[in-house]
1. Give the long-range amide H neighbours of PHE65: residues separated by 5 or more places, or on another chain, with amide H under 5 Å away, using H modelled in the peptide plane at 1.01 Å from N.
2. Return P(r) of the range 48-185 (all Cα-Cα pairs; 5 Å bins starting at 0; whole %; ordered from short to long distances).
3. Points 7 angstrom from Cα along the Cβ direction at ALA45 and ARG151: gap in nanometres?
4. Please list, in chain and number order, the residues 5+ apart from VAL123 or on another chain whose amide H is under 5 Å from its amide H, with Hs placed from the backbone.
5. Just grab the label-to-label distance for ASN127 and ARG103, each label 7 Å out from Cα along the Cβ direction, in nm (one decimal).
6. Taking amide H atoms as placed 1.01 Å from N in the peptide plane, list the residues 5 or more away in sequence, or in a different chain, whose amide H sits under 5 Å from that of LYS92.
7. Per residue of the range 91-105, what does 6.51 cos²θ - 1.76 cosθ + 1.60 with θ = phi - 60° give for ³J(HN,Hα)? Whole Hz please, x for Gly and Pro, Karplus curve as stated.
8. So if I take the alpha carbon set of the range 79-142, get Rg, then get Rh from the Kirkwood formula, what is the Rg over Rh ratio?
Amino acid sequence: MENIRSPHRSNHGQRGNFLLKFGHRMNHLWSPWRMEYIEKHNKEAGCIFCIAQSREDGPENLVVFRGRLAYVILNRYPYTSGHVMVVPFAHKPSLEDLDAEIRREIMELTSHCMVILKNVYKVQGFNVGANIGAAAGAGVLDHVHIHVVPRWSGDTNFMSTLGSTRVLPESLEDTYGRIRDGFQRGI
């Protein structure tokens, strides 16, 4: 019987070269919903957090809850599903620039987000923190905010480890609805 080579086997003989595994150099991950982001290449002028807080709450601005001094918003480019940010209404660059009452509300909202995310997503852990200043990797330099990132055992899988790609299992609209419902039910 003739030895037939599988079309799915790499002809390169390089062990561990997953990009060549299927006989071609590029795998594709389809995400057609990203076209809107690509086509809207002109950024809106102003602070994204001040703009969001000035608009009506809904899936468009991603604000899921408003407190007296701070609010909770979904991260538009999340690390995982359920990635939220707690943001003061006050436009200040750092925590020490906020008064104690605002800092207290931010911490209470951060804690409440963790409770809601545990109930909605059965979260096993969290990364919680703030990137303050350019050297710390802050994406928004002048409006401090706290990230609450839900985590699960094994959520860093082959896609993020080998492909430098995150796979989110639900749309932002679905995430918005689930977390908003959690706040409304008072979980």
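We did not get these values from a lab; they are worked out from the coordinates using the rules stated. Just so we're clear, the structure is a prediction, and the values are computed from it rather than from any experiment. Cβ atoms come from the backbone with ideal geometry, glycine included; neighbour counts cover every protein chain shown.
1. Residues meeting the criterion, in which the H sits 1.01 Å from N, are VAL72.
2. Histogram of Cα-Cα distances, whole percents per bin: 2, 10, 20, 23, 21, 14, 7, 2, 0.
3. Placing both labels 7 Å beyond Cα along the Cβ direction yields 4.1 nm.
4. Under 5 Å from the amide H of VAL123: LYS118.
5. Between ASN127 and ARG103, the label points sit 2.5 nm apart.
6. The answer is VAL144.
7. 7, 10, x, 8, 4, 5, 7, 8, 6, 4, 5, 5, 4, 4, 5
8. Ratio value, two decimals: 0.99.
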